[in-house]
Structures are given as C-alpha cells and as structure tokens.
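The values are calculated or read from the model by the stated rules, or taken from the named source; none is laboratory data. Everything numeric in this text was worked out from a predicted model, so none of it was measured. Neighbour counts are summed over all protein chains in view; Cβ atoms, including those assigned to glycine, are modelled from backbone coordinates with ideal geometry. Note: accessible area is taken over every heavy atom of the protein model, side chains too, but ligands, DNA and RNA are not part of it. Shrake-Rupley method; radii C 1.70, N 1.55, O 1.52, S 1.80 Å.
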Amino acid sequence: MHVPLLLATYQRDALRGKRPTSATVVRHGTRWDIHMVIEDEDDPAREGPPLGVDLGLRNTAYTSHGTAYDGSLRQRLKEQRMKIRASLQSKGTSGATRLLKRLSGYERRRMTWENHNLSRSIVDEAL
C-alpha cells in the first residue's frame, strides 16, 4: 500500500538527508499519524573538568565544585502542604473537598518548577 506523506517544512527539514530507522502508524479517531524514529549523531563532547552532582533531602543538590542547593524551603513547603491536606481530609465537608480539589497538583507543579530551575542552574554552572 502506498500512502502519501503530508509534511510541513519543519518535518521535511528534519528528514532531509536522513533515513528513518523505524516507524509506527497510530490512529487518533478518524485521523492516522505516523511516528518516525531517526538516528542522529551526538554532539561532540565538551572539554573541561567533570562535574558531579549529589542529590539529597537537606541539600537538594551538591555539586563537586562546591555549590550547595539548600532543600530546607522545599521540605518546609511539603510539610505545610501535608498538614493542610490532613486537616481538610479529616474535616470531610463538601467545602473541604472542594478546596482539596482546587489545591490538588499545586505541590507537584511547584516541585517540577523548582527542579527545572535547579537543573538549569546546574547546567549553567557546568557550561
């Protein structure tokens, strides 16, 4: 079966000069998509001293260059959120349930945001 590919400029540029190694056809309702895997060469390794990172609770990250990223604020936030959740869950009223629903995901999103900023600063230090 021959199926024409409808590609935008971005996809054409990504495929130009490369051979796909595998592809999967996926159906989304009435639309069919193709997911293609293309092997690409890695960027050359950068020269310089290595950087090690130790992860923990008290210090969220500690680099071998001596930079410590304090985790006490993160722990305090988690403890506060845990107390608030426990209080609302034990109350069990419809208003408490509404508030729990509104607050759900806040801690996860906050930690994801903080982890992003932390990793970004470690990468900047490495560069």
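Scanning region 106-127 for residues that are polar (S, T, N, Q) and within 21 Å of Gly52 (Cβ to Cβ) yields Asn115, Asn117, Ser119, Ser121.
Scanning region 7-47 for residues that are touching a residue at least 12 places away in the same chain (Cβ under 8 Å), loosely packed, with under 10 Cβ neighbours inside 10 Å and among the small types (Gly, Ala, Ser) gives a single hit, Ser22.
If the condition is being more than 20 Å from Glu107 (Cβ to Cβ) and either out of contact with any strand residue (DSSP E or B) (no Cβ under 7 Å at 6 or more places or on another chain) or of a type in the set (A, V, I, L, M) (or both), then region 56-82 contributes Ser64, His65, Gly66, Thr67, Ala68. Taking the stated definitions as given, is Tyr62 open to solvent by 70 Å² or more (accessible area, probe 1.4 Å), in contact with an Asp or Glu (Cβ under 6 Å, 6 or more places away or on another chain) and at pLDDT 85 or above? It is true that Tyr62 is open to solvent by 70 Å² or more (accessible area, probe 1.4 Å), in contact with an Asp or Glu (Cβ under 6 Å, 6 or more places away or on another chain) and at pLDDT 85 or above.
Cβ-Cβ distances below 9 Å connect the following pairs, each with a first residue in region 65-82 that is in a loop (DSSP other than H, G, I, E, B), a second residue that is open to solvent by 70 Å² or more (accessible area, probe 1.4 Å), and a separation of six or more residues or different chains: His65/Pro49; Gly71/Leu57; Gly71/Arg58. If you take the residues of region 112-127 that are under 15 Å from His65 (Cβ atoms) and of a type in the set (Gly, Ala, Ser), which of them is least open to solvent (accessible area, probe 1.4 Å)? It comes out as Ser121. Tell me, which residue of region 79-121 that is of a type in the set (A, V, I, L, M) and over 15 Å from the mean Cα position of the chain (by Cα) is farthest from Tyr62 (Cα to Cα)? Looking at the filtered set, the residue picked out is Ala96.
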